[in-house]
Amino acid sequence: MTAISVNETDSDTTGGTTHYRTVFLSDIHLGTRGCQAALLLDFIRSMECDTLYLVGDIIDGWKMKSGWYWPQSHNDVVQKVLRMARKGVSVIYIPGNHDDRVRDFCGVHFGGVIVARDAIFETATGLRFLVTHGDEFDGVINHAKWLAFLGDWAYRALLSLNTSWNLIRHRMGFGYWSLSAFVKVKVKNALQFIENFEAAVADEARRRGVDGVICGHIHKAEMRRIGDILYINDGDWVESCTALVEHEDGRLELIDWASRSGLRSTGRANTAPNTAQDKMSSTATEAAPA
């Protein structure tokens, strides 16, 4: 059974860093004030990997059209990734909707970084996954782009409030907590959108004849089965600060870096079952008659 955990417990470490076979990052949104670049740099410095997938919305071209914001920490993230590529890490960049201009360069290599529309990833155990950002399966993006821009503006406003909220929490001695993520899960329409998106991405994986799909786009880290497809969303570095990693033995794990770094307040989110098997067992227990 594929492992899923909010905290890494048994990874191979070398020289104070953790080595993974593969790492997946998406929705970093460099160029925006909501980007948690410091946390991402902390994660990158803590690990080594053979292959790195950048699963879209790495640089936020939508926001940069309306104003320039590029602090040193954002430049540091780019330099870290390019340095990884120079040192022999295979870096595959799959653009998303916020960095869609990069799609014009699919098949091109930039400083050791390969740009691709999507990819097929195979784990050490032979499982095959479609890797895609996922915006192609978002009906709003495809059929009402003006509404997507409006939603993006509202989302950035909420993220700005989220930044101020966490500055206040920090001064009061509390850890990081995403107000924007909390609001999103409380909105019924947002939950329905997420369910529709997950089902559409799983259908595409099924059509491609693979075992699962790895995506981003909706800023909601998740690992679960949708029928015969293992659906994995690696989350983001704006709200959840999560990454998907593959261990040397092929196990797949979602890492909640804010929680692991002790920067997020403790709560019910950290008491979730640690593995997919645990999740199935707890669901069965809840469903059993009293």
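What length, rounded to one decimal in nm, is gained on full extension from residue 82 through to residue 128, with 0.36 nm per residue of separation minus their alpha-carbon distance?
Extra length from residue 82 to residue 128 when fully extended: 13.9 nm.
The trypsin sites (Lys or Arg not before Pro) of segment 75-110 that meet both conditions, a loop assignment by DSSP and at most 16 other Cβ atoms within 10 Å of the site Cβ, are 87. From the Cα gyration tensor of segment 16-114, with a ≥ b ≥ c the square roots of its eigenvalues, which class applies: rounded if a/c is under 1.5, or else prolate if a/b is larger than b/c, or else oblate? Oblate.
Estimate the FRET efficiency between residue 103 and residue 199 by the formula 1/(1 + (r/R0)^6), using the beta-carbon distance for r and 30 Å for R0, to the nearest 0.05. Working shown, then result.
Working: r = 24 Å, r/R0 = 0.81.
With R0 = 30 Å, the Cβ-Cβ based efficiency is 0.75.
Charge dipole of segment 71-115 (Cα centre as origin; +1 on each Lys and Arg Cβ, -1 on each Asp and Glu Cβ, all else neutral): 240 debye, rounded to the nearest 20.
No value in this document is a laboratory result; all are computed from the given coordinates. Quick caveat, the model's predicted, so the values are computed rather than measured. Glycine also receives a Cβ, built like all others from the backbone with ideal geometry; neighbour counts cover every protein chain displayed.
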